[in-house]
Amino acid sequence: MESTAASRLPDVIRRFGSLWPDVSLQLTMGATRELMQSVLAEELDCALIARPPQTSLDETRYADLDLGRFEARRIYLEDLILVLPPKHPEVKAAADLRVGTLAVMEPGCTYRRMAEEWAEDAASPRTLELGSYHAILASIVAGNAFGVMPRSVYDLLRWPADIVTREIGAVETFLVRRKGDRSDAFEAFYDVLIASRDRDGLSPPSG
């Protein structure tokens, strides 16, 4: 996912390249559903994908994210935040929104689905589909929209301090591959991911 590539992978890719210089690593970005389909189609060896914890949302709404056909290893737990225009009044529920447009990434994005789920009680917000978190945040700063993004991505960006944020839930990031696949390079990549995560204090809770 673009968010993971931006906030989590630069150091991982550098470390992996120094340890395994003979392995060709090609990075592809996309939405969770698209990435999972590509893994099943053997177009990708593995993917980092997002999934809401099963207790946080109606599981039937996320049947397309069933991990049963994959070997899945939980890597990160991300805090998803609602991002509102500068000086927007405090928001306790979707009915408190003062902007009617939800700025989002492409269909198939787990974060988008969580935002749409959260905003169900609002007055049918219009959807503005954009290609990057920078574009989403620019629309929010202009006062034209609200959006959601992982806090790890928000913290990378430099924007006016009076932007309003609110946590709306947690999202788990899994490293997935097809069940039955075996690869020394995959195990090495997983080890580097875990080492980088633990070094930065990003370990998800057990369970």
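The values are calculated or read from the model by the stated rules, or taken from the named source; none is laboratory data. Everything numeric here is computed off the predicted structure, so don't read it as measured data. Counting neighbours? That spans all protein chains shown, and the Cβs are built from the backbone with ideal geometry, glycine included. Ligands, DNA and RNA are stripped out before the accessible areas are found, and what is left, the full protein with its side chains, is counted by its heavy atoms. Shrake-Rupley method; radii C 1.70, N 1.55, O 1.52, S 1.80 Å.
Taking a ≥ b ≥ c as the square roots of the eigenvalues of the Cα gyration tensor of region 91-147, is the shape rounded (a/c under 1.5), prolate (a/b larger than b/c) or oblate?
Since a/c reaches 1.5 but b/c is at least a/b, the shape of region 91-147 is classed as oblate.
Let me have the 222 nm mean residue ellipticity of the chain computed from DSSP H runs of 4+ only, each contributing -39500 (n - 2.57), with the sum over all residues rounded to the nearest 500.
-9000 deg cm²/dmol
Using only the heavy atoms of the protein chains and a 1.4 Å probe, how would ASP45, ASP155 rank by accessible area, largest first?
Greatest to least solvent exposure: ASP45, ASP155.
The chain: longest stretch without exposed GluC sites (Glu not before Pro) (DSSP loop, at most 13 other Cβ within 10 Å), sites themselves excluded?
91-207
For an R0 of 30 angstrom, estimate the FRET efficiency from the Cβ-Cβ distance between THR101 and ALA41 and round to the nearest 0.05.
With a Förster radius of 30 Å, E is 0.30.
Per residue, how much accessible surface does the chain expose to a 1.4 Å probe? Answer in Å², no decimals.
Here the per-residue accessible area is 51 Å².
Per-residue HN-Hα couplings for region 38-52, Karplus 6.51 cos²θ - 1.76 cosθ + 1.60 at θ = phi - 60°, whole Hz, x for Gly and Pro?
Those phi angles translate into 5, 5, 5, 7, 6, 8, 10, 6, 7, 8, 9, 10, 10, 8, x Hz.
Mind telling me which of PRO125, PRO86, PRO21 comes out most flexible in a GNM of the chain, alpha-carbon contacts under 10 Å?
Maximum fluctuation in the GNM of the chain, among the listed residues, is at PRO21.
Once you sort the root eigenvalues of the Cα gyration tensor of the chain as a ≥ b ≥ c, which label holds: rounded (a/c under 1.5), prolate (a/b larger than b/c) or oblate (the other case)?
Prolate is the answer for the chain, as a/c is 1.5 or above and a/b outweighs b/c.
Where the only charges are on Cβ atoms (+1 Lys, Arg; -1 Asp, Glu), what is the dipole of the chain about its Cα centre, to the nearest 20 debye?
With only Lys, Arg, Asp and Glu charged at Cβ, the dipole is about 300 debye.
Tilt of helix 9-19 relative to the longest C-alpha principal axis of the chain, in degrees (0 to 90, nearest 10)?
For 9-19 against the chain, the angle is about 10 degrees.
What does the C-alpha gyration tensor say about the overall shape of region 157-200? Classify as rounded when a/c is under 1.5, otherwise prolate if a/b is larger than b/c, or oblate.
Since a/c reaches 1.5 and a/b is larger than b/c, the shape of region 157-200 is classed as prolate.
Between helix 184-199 and the chain, what is the angle of the helix's C-alpha long axis to the longest principal axis, kept within 0 to 90° and rounded to the nearest 10?
In the chain, helix 184-199 runs at an angle near 50 degrees to the longest axis.
Give the calculated FRET efficiency between ILE194 and GLU129 to the nearest 0.05, with a Förster radius of 45 Å applied to their Cβ-Cβ distance.
0.85
Give me the percent of accessible area attributable to carbon and sulfur for the chain, probe 1.4 angstrom.
48
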